[in-house]
Ligand code: GLC
């Protein structure tokens, strides 16, 4: 027998490495590998050779539709894409019809250009088609992370894609595959978990849901993995005032950056994600939007990303004080399309001049446009046999009971039971009198959180078709049960049990940066008022992150972390009354105090109040 030249130990190690590479590179079992975007290059190259410099630069330019000085600018500047940012509703108002008409009107302008290259229209469909009234609003990613259910995450994204397509729109700036390391960050809830392994798995599932097995499927939308790279690892206080963390500086070595923050890109690139959004934040002092190593060497060359990079909203403007220099640096670093909501005309002329002055090579322009056109061919946009306009037949399923049923299941499975003593849960549906309290018990906007109808979200009756937790409780109990609502928890005497729903009000991005994650005094008071009535108390926390809950945990007989569940409050009642057992497991470790934040600090053993993966049932 030939003597192997490697000792057994070395052979075992090699075998393990080989298995790891295979696991990381190949798509999960049973999932077909998507068609490589570069396979469209023959058609792309044929079109590219026909394009003028202006037509190429137009493809790289993305204004916000609300800032278009004239919709005909789509023709005048050969625009390849538009977006609706968080507050960019149709001028005709916020309705399914108005959104669909807007998409069709803008797409029609693209067909009046010489080459008739269709538009990509992007929106932040980050937990449903959350800009549009009447859409199903799903739990934010922090809650989906607690389900640990990749198939469910894929289904949520697929339904989101269908409701986005009902308005004609063909691009979702999702999934966010951030790995938040400091809960004081206002975007913590946009990530699936602090654990890169969970982010890797669920990020890929979301891309499969958005993009389907074939991007050309009329129900598929282009996905966008964001924000590359290390957006969730910025140092507290490193951001430009008044931000505390958001858009700050991630100060780690490359090995740490890759270990913690890269896994969501490894898996989404492998899943065939067609676009990636570089982060506003910096890595060791260099803006991600300007970092050629990150954008080109690592992502495009080493990881083989074949799609295109879309900048964040005016993000390249932060690179230097000279806008033309910002464009030169970012495009040469590898940015392919620039989200330039309002000053798109200036961007267009500046980039054209930079190319004509030899400061941006034509080869870089051709690479950027090749990547953008690959995606447009893959989406079937260039197929002249297909309609470019919205399929209004999809309106029938928009916000439908079937879609809401999936969201309700996602709510149920996202809930994490942190405490349950004296068998407080499940609550009998035949309880004599239930008192419900807390500012978040009957507030749909608060239970949806940010990125809901408005960029920041808002309290109150934010969108039609949803169910608050109080309404769900009322629907669930028997006709003989009396349910009373008292926001501050007073007048609970004589009740059999109290449910108090507390936590955060909506916010998005840097508006959610907090130095302190203590509960609001009104929340603590509401819990104590119920407790003073001498009844069992069930606390439900509506929040975009773990908070410091020591003030109320001891008072509670049961405590549920419900995150930001969205419109389907019935999912909370399903678990309160025992129709479904709680199965959620924490996607974040739960700090005892602010002293334990940020997590994973090498300088102290981290002994959280509840560990990552904790969750009770009954
Ligand atoms: C925002 C966010 C990004 C979003 C983009 C478009 O500032 O950083 O997540 O996709 O702008 O709304």
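Nothing in this text is a laboratory measurement; each read-out follows from the coordinates by a stated rule. These numbers were taken from a predicted model, which means no experiment stands behind them. Cβ sites come from the backbone with ideal geometry, for glycine too, and all protein chains shown count toward neighbours.
A few remarks follow.
- Prolate/oblate/rounded label for the stretch 358-474 (Cα gyration tensor, a/c 1.5): prolate
- Shape class for the chain, computed from the alpha carbon gyration tensor (a ≥ b ≥ c): prolate, with a/c not under 1.5 and a/b above b/c.
- Stretched out straight at 0.36 nm per residue, the stretch from residue 516 to residue 214 would grow longer than its current Cα-Cα span by 104.2 nm.
- Relative contact order, percent, the stretch 430-473 [alpha-carbon distance under 8 Å, six or more residues apart]: 36 percent
- Put a dot 7 Å past the Cα of residue 359, heading toward its Cβ, do the same for residue 52, and the two dots end up 2.3 nm apart.
- Between the stretch 236-284 and the stretch 400-428, the C-alpha centres lie 32 angstrom from each other.
- Helix 96-110 and the longest principal axis of the Cα set of the chain meet at an angle near 10°.
- Gyration tensor (alpha-carbon) shape descriptor, the stretch 171-227, a/c threshold 1.5: prolate
- Relative contact order (percent, whole number), the chain, Cα cutoff 8 Å, 6+ residue spacing: 17 percent
- Compactness relative to 2.2 N^0.38 Å, alpha carbon Rg of the stretch 401-596: 0.95
- Three semi-axes of the equivalent ellipsoid, the stretch 469-563, Cα gyration tensor, whole Å, largest first: 25, 16, 11
- Each peptide in 132-141, 449-458 gets a packing score, the mean of other Cβ atoms within 10 Å over its residues, and the list from highest to lowest is 132-141, 449-458.
- Sites residue 76 and residue 236 - FRET efficiency at Förster radius 45 Å, r taken between beta-carbons, to 0.05: 0.50
- Summarised as an ellipsoid, the stretch 40-382 has semi-axes of 28, 24, 19 Å, derived from the eigenvalues of the Cα gyration tensor scaled by 5 and square-rooted, with the largest first.
- Contact order, relative form, for the stretch 40-382: 18 percent (alpha carbon pairs under 8 Å, 6 or more residues apart, mean separation divided by residue count).
- Estimated at 0.36 nm per residue, the fully extended path between residue 115 and residue 461 surpasses their Cα-Cα distance by 120.0 nm.
- Estimated distance in nm for a label pair at residue 555 and residue 256, the labels positioned 7 Å out from Cα along Cα-to-Cβ: 3.8 nm
- Extension gain for residue 343 to residue 488 (0.36 nm times residue separation, less C-alpha to C-alpha distance): 47.4 nm.
- Rough spin-label spacing in nm, given labels placed 7 Å along Cα→Cβ, for residue 301 and residue 430: 7.2 nm
- Computed over the stretch 75-210, the percent of Cα pairs more than 26 Å apart is 31.
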